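Trainee: Pasting a structure below so you can have a look.
Nothing in this text is a laboratory measurement; each read-out follows from the coordinates by a stated rule. Keep in mind it's a predicted model, so treat the numbers as computed, not measured. Don't worry about glycine lacking a Cβ; one is built from the backbone with ideal geometry, like all the others, and counts go over all protein chains shown.
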Amino acid sequence: MNKKLDALAVAYASAILGAALMLLLGIAGNLGVYTGAVGQMKQWHMFFSLSAGGIISGMVEAAVISFAVGYAFAWVYNKLSK
């Protein structure tokens, strides 16, 4: 039985999860929690900052990157599972 992943479903789920985690990290950073992780996100992501606009743009950036990685993962999985 050959099970295939739905590449778009994996990509959308990854994008939603990436954006949600970036939102939570932005909120936590504004509360003064996980400041080390916030500092790393500021270094790794071009658009992330603790302002409202920075959090939203970081969410968009995380969603786009996560979508691409999730889709690529599912595509490779499906190719290798044949």
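Trainee: Name the residues in the stretch 52-76 that are touching a helix residue (DSSP H, G or I) at 6+ places or on another chain (Cβ under 9 Å) and more than 13 Å from Ser14 (Cβ to Cβ), would you? If you could, list the steps in order and put the result at the bottom.
Mentor: Going residue by residue through the stretch 52-76, those that are touching a helix residue (DSSP H, G or I) at 6+ places or on another chain (Cβ under 9 Å) are 52, 54-56, 58-75.
Result: Ala52, Gly54, Ile55, Ile56, Gly58, Met59, Val60, Glu61.
Trainee: Now a separate question. Can you tell me which of (1) in a helix (DSSP H, G or I); (2) under 16 Å from Phe67 (Cα atoms); (3) not charged (D, E, K, R) is the one Leu5 doesn't meet?
Mentor: Here Leu5 meets the rest and fails (1).
Trainee: Shifting gears a bit: When you scan the stretch 20-36, how many residues do you find that are part of a helix (DSSP H, G or I) and β-branched (Val, Ile, Thr)?
Mentor: Start the filter on the stretch 20-36 by keeping residues that are part of a helix (DSSP H, G or I), which leaves 20-30, 35-36.
Remaining after also requiring β-branched (Val, Ile, Thr): 27, 35.
Residues in the stretch 20-36 being part of a helix (DSSP H, G or I) and β-branched (Val, Ile, Thr): 2 in total.
This table checks each residue for (1) closer than 20 Å to Phe67 by Cα; (2) in a helix (DSSP H, G or I); (3) touching a Lys or Arg at 6+ places or on another chain (Cβ under 7 Å).
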residue: Ala11; (1), (2), (3): yes, yes, no
residue: Gly18; (1), (2), (3): yes, yes, no
residue: Val38; (1), (2), (3): no, yes, no
residue: Met46; (1), (2), (3): yes, no, no
residue: Ser49; (1), (2), (3): no, no, yes
